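One structure is given below, encoded as structure tokens.
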Amino acid sequence: MSKRWETKKEIRDNRRKYSDRYTFGDFVFDVFFWIPELLFLPFRMIFWLIRGVGRVIGSLFDGI
């Protein structure tokens with residue numbers, strides 16, 4: 001290969017490697033990260049609600 005082609009290839013590879021663009025791979029990673037969060041969030045909210053109500057009731061009985 002010519003010297004010019006190799007330098008252009010190196011510049012292009014470096015530009016891709018160190019770019020801050022949001023790529024399709026980043027999107028897939030974000031989706032795979034957020035799916036479990038979205039699935040478990042309602043269950044965690046119900047758990048926190050029941051736990052909070054239980055603590056309030058428990059503190060009411062402690063005051064008696």
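The values are calculated or read from the model by the stated rules, or taken from the named source; none is laboratory data. Keep in mind that this is a model prediction, so the values were computed, not measured. Glycine gets a Cβ as well: all are built from the backbone with ideal geometry, and neighbour counts include every protein chain shown. Each accessible area value is taken on the protein alone, full model and side chains, heavy atoms only, with ligands, DNA and RNA left out. Shrake-Rupley method; radii C 1.70, N 1.55, O 1.52, S 1.80 Å.
A few notes on this one:
- Rounded accessible area per residue of the chain, 1.4 Å, Å²: 103 Å²
- GNM on the chain, alpha-carbon springs under 10 angstrom: the most fluctuating residue among Ile46, Ile35, Ile11 is Ile11.
- Counting only alpha carbon atoms, the long axis of helix 3-17 and the longest principal axis of the chain meet at about 10°.
- Given charges at beta-carbon only (K, R positive; D, E negative), |dipole| of the chain in Debye: 580 debye
- Out of every Cα-Cα pair that the chain contains, those further apart than 16 angstrom amount to 72 percent.
- Here the accessible area of the chain is 68 percent carbon and sulfur, with a 1.4 angstrom probe and all protein chains present.
- For Arg21 and Val56, the difference between the fully extended length at 0.36 nm per residue and the C-alpha to C-alpha distance is 7.7 nm.
- The Asp13 and Ile35 beta-carbon pair, evaluated with R₀ = 22 Å, returns a calculated FRET efficiency of approximately 0.10.
- Degrees, to the nearest 10: 24-63 long Cα axis against longest axis of the chain: 20 degrees
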